[in-house]
1. Of the conditions (1) surrounded by fewer than 17 Cβ atoms within 10 Å (Cβ to Cβ); (2) more than 30 Å from Pro92 (Cα to Cα); (3) more than 24 Å from the chain's Cα centre (by Cα); (4) not hydrophobic (A, V, I, L, M, F, W, C), Arg184 fails just one. Which one is it?
2. Among the residues of segment 118-133, are any in contact with an Asp or Glu (Cβ under 6 Å, 6 or more places away or on another chain), more than 25 Å from Ala204 (Cα to Cα) and without any contact (Cβ under 8 Å) to a residue 12 or more places away in the chain?
3. Within segment 121-206, considering only helices (runs of 4 or more DSSP H) that don't extend past its boundaries, which have at least 3 residues that are small (Gly, Ala, Ser)?
4. Pro212 versus (1) assigned to a helix (DSSP H, G or I); (2) over 21 Å from Glu159 (Cβ atoms): which is the lone unmet condition?
5. Taking segment 121-155 as the region of interest, how many residues are more than 8 Å from the chain's Cα centre (by Cα) and of a type in the set (Lys, Arg)?
6. From the list Ala95, Ala79, Ala110, which one is modelled with pLDDT of 85 or more, part of a helix (DSSP H, G or I) and within 19 Å of the chain's Cα centre (by Cα)?
7. Search segment 134-157 for residues being in contact (Cβ under 8 Å) with a residue 24 or more places away in the chain and charged (D, E, K, R), and hand back the single one that is nearest to Leu93 (Cα to Cα).
8. Return yes or no: is Ala136 small (Gly, Ala, Ser) and closer than 30 Å to Ala174 by Cα?
Amino acid sequence: MSDIFTEVDEGIRQEKLEGLWKKWRPFVYGGVAALIIGVAVNEFVLKPQAEARREARALALETGIRALEDADYAGAEEAFTRIMNDDPRLAPLAAHFLAQTKFEGGGDAAAAAELLASVGGIEGGPYERLALLKSAYFKADTMTLEELELTLGSLADDESTLGALSRELIGAKAFEAGDLARARTIYNRLRFDAYAPQGLVQRADIALAAIPVPPETEEATEAAPAEAAPAEPQETGQ
């Protein structure tokens, strides 16, 4: 008898499953079809389009670089400007080449500095940070020491090669401003900076040889107070 009830229960469950399948079957088929279509579109449409865009960007960049090397500054400017306008991800890189084009082609340091400043930033990636440093180099002659430090911001404290180069620029500006003590301090530290390239260390040595020691530093070294000699004990008669 129990076998009969078991068969009845199984039949009821089967009927329920068949009803659910009939009810939801169109949605299941639709979902599978959508998944297949999505994979097909990604593989045969989106990927080729993305690959074509990457190839176009690479070709435009290569064209601009070749024009710059050939001193075709008009062609280089057109190529790099188009990249900056069409591709935000490559814009910082294109800005470096476009600034070089403006500087080499027309000697326009101000335009180059302005262009680099527009894409530069401390919080950005390597190209943005490098653009900030380059723009500071272009404008250093027209800025005070305080303005230069404000422009570089925390980049001058960064533990990286860009940070070491920023500190070198501040040291050069301090020397130009007549702050010899600070200039010597900065260059002395750069000699032992773990992030300073070898060329920077060599420039620091040359700078220290050229920067005179401030008079107050020499006087402080020569006039160091001598320690008082201890008084000899006096003999007392018995």
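The values are calculated or read from the model by the stated rules, or taken from the named source; none is laboratory data. Everything numeric here is computed off the predicted structure, so don't read it as measured data. Here Cβ is always computed from backbone atoms with ideal geometry, including for glycine, and neighbour counts include all displayed protein chains.
1. (1)
2. yes
3. Details: elements: 126-139, 145-152, 161-176, 180-190.
In segment 121-206, the matching helices (runs of 4 or more DSSP H) lie at 126-139, 161-176.
4. (1)
5. The qualifying residues number 2.
6. On the way: Ala79 fails: within 19 Å of the chain's Cα centre (by Cα); Ala110 fails: within 19 Å of the chain's Cα centre (by Cα).
Only one candidate qualifies: Ala95.
7. By that ranking, first place goes to Lys134.
8. Numbers: small (Gly, Ala, Ser): yes; closer than 30 Å to Ala174 by Cα: yes.
Yes, satisfied.
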